[in-house]
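Remarks on the structure that follows.
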Amino acid sequence: MTTTTRRGLPRGAEERVAELYWEAFGGKLGAALGPAGTGRRFIAEHLNADRGVTALSDDGRVVGVAGFQLAGRGLVGGDAAAVRATYGQVRGMWRLFLLALLERTPARGELVMDGIAVDAGERGRGIGGLLLREIEAVAVEQGCRRIRLDVVAENRRAQALYERHGFRAVAVHRTPWLRDVLGFGAVTTMHKAVAR
Ligand SMILES: CC(C)(COP(=O)(O)OP(=O)(O)OC[C@H]1O[C@@H](n2cnc3c(N)ncnc32)[C@H](O)[C@@H]1OP(=O)(O)O)[C@@H](O)C(=O)NCCC(=O)NCCS
């Protein structure tokens, strides 16, 4: 199978992208957007198609996706009103609080990668690397000077992948009090300078 990457999400692929995101990040997003069916639907309905890059198999199936934050918008949108409409006023408040904890605001000149997910059956074949290259091409086009990402500190394999692609760890943020709620207690921030 050959894999190609492209900017944006193909039209009609919203549910597939939401499925990939949930498969990869359901543990992390579950507290804020769960249960799974509701969370996947919320993601599918609030995707910003121009804030992602995708990997496609020969037959056009989306096998990987990577999102990014730029100019105040990321791959998964949905404002406070959308969260309340889906989850209700009271439950919505708690979810908004958790989503705020996951929020990553880019600094000036920075493109923040929002999460990268490859189909579990297709991992280890270079698709993650292809998506990273596509993200880098977006950063160059947008005139960004660096790419930032935050990765769960225990996710050593993903960190190794980022290091092979030129990212360097610059800080570790520990929030052990959030471990029971979000499922992780520390994130590593990594940077890669963008050649212009
Ligand atoms: C991380 C991820 C996107 C890598 O995609 P990929 O297509 O497997 O990446 P590549 O084939 O280009 O590179 C493979 C490398 O990815 C890393 N990797 C991380 N998790 C992996 C997994 N579950 N399976 C295979 N490789 C994984 C390893 O460094 C691996 O190299 P190794 O085989 O020498 O250990 C993918 O494993 C995934 O979707 N994981 C779940 C979501 C996640 O953890 N995202 C990153 C946090 S933001």
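Test Gln69 against the stated conditions and say whether it is more than 12 Å from the ligand (Cβ to nearest atom) and touching a Pro at 6+ places or on another chain (Cβ under 8 Å). Against the criterion (more than 12 Å from the ligand (Cβ to nearest atom) and touching a Pro at 6+ places or on another chain (Cβ under 8 Å)), Gln69 qualifies. No other residue among Gly166, Gly128, Gly185, Gly115 is under 29 Å from Gly34 (Cα atoms) and without any contact (Cβ under 8 Å) to a residue 60 or more places away in the chain apart from Gly185. When the range 25-50 is filtered for residues that are surrounded by fewer than 21 Cβ atoms within 10 Å (Cβ to Cβ) and basic (Lys, Arg), the ones remaining, listed by number, are Lys28, Arg41.
For Leu130, are the conditions met, namely being of a type outside the set (Lys, Arg) and closer than 21 Å to Gly52 by Cα? Spelling it out, Leu130 is indeed of a type outside the set (Lys, Arg) and closer than 21 Å to Gly52 by Cα. The set of residues in the range 1-19 being over 14 Å from the mean Cα position of the chain (by Cα), modelled with pLDDT of 90 or more and not in a helix (DSSP H, G or I) consists of Thr2, Thr3, Thr4, Thr5, Arg6, Arg7, Pro10, Arg11, Gly12, Ala13. Taken over the range 25-52, the criterion of being over 20 Å from Trp94 (Cα atoms), in a helix (DSSP H, G or I) and either within 16 Å of the ligand (Cβ to nearest atom) or of a type in the set (A, V, I, L, M, F, W, C) (or both) is satisfied by Ala44, Ala49, Arg51. Only helices (runs of 4 or more DSSP H) whose full extent lies in the range 92-196 are considered here, and the ones with at least 2 residues that are near the ligand (Cβ under 9 Å from one of its atoms) and surrounded by 13 or more Cβ atoms within 10 Å (Cβ to Cβ) are 127-141, 156-164. All of (1) crowded, with 18+ Cβ neighbours inside 10 Å; (2) touching a residue at least 24 places away in the same chain (Cβ under 8 Å); (3) part of a helix (DSSP H, G or I); (4) within 16 Å of the ligand (Cβ to nearest atom) hold for Trp22 with one exception: (2). Restricting attention to the range 1-13, the residues being touching a strand residue (DSSP E or B) at 6+ places or on another chain (Cβ under 8 Å) and surrounded by fewer than 17 Cβ atoms within 10 Å (Cβ to Cβ) number 5.
Asp79 meets each of the listed conditions (1) closer than 15 Å to Ala117 by Cα; (2) out of contact with any Lys or Arg (no Cβ under 8 Å at 6 or more places or on another chain) apart from (1).
The values are calculated or read from the model by the stated rules, or taken from the named source; none is laboratory data. Being a predicted model, the structure only gives us computed values, none of them experimental. Because the Cβ atoms are built from the backbone with ideal geometry, glycine has one as well, and the counts that use them run over all protein chains shown.
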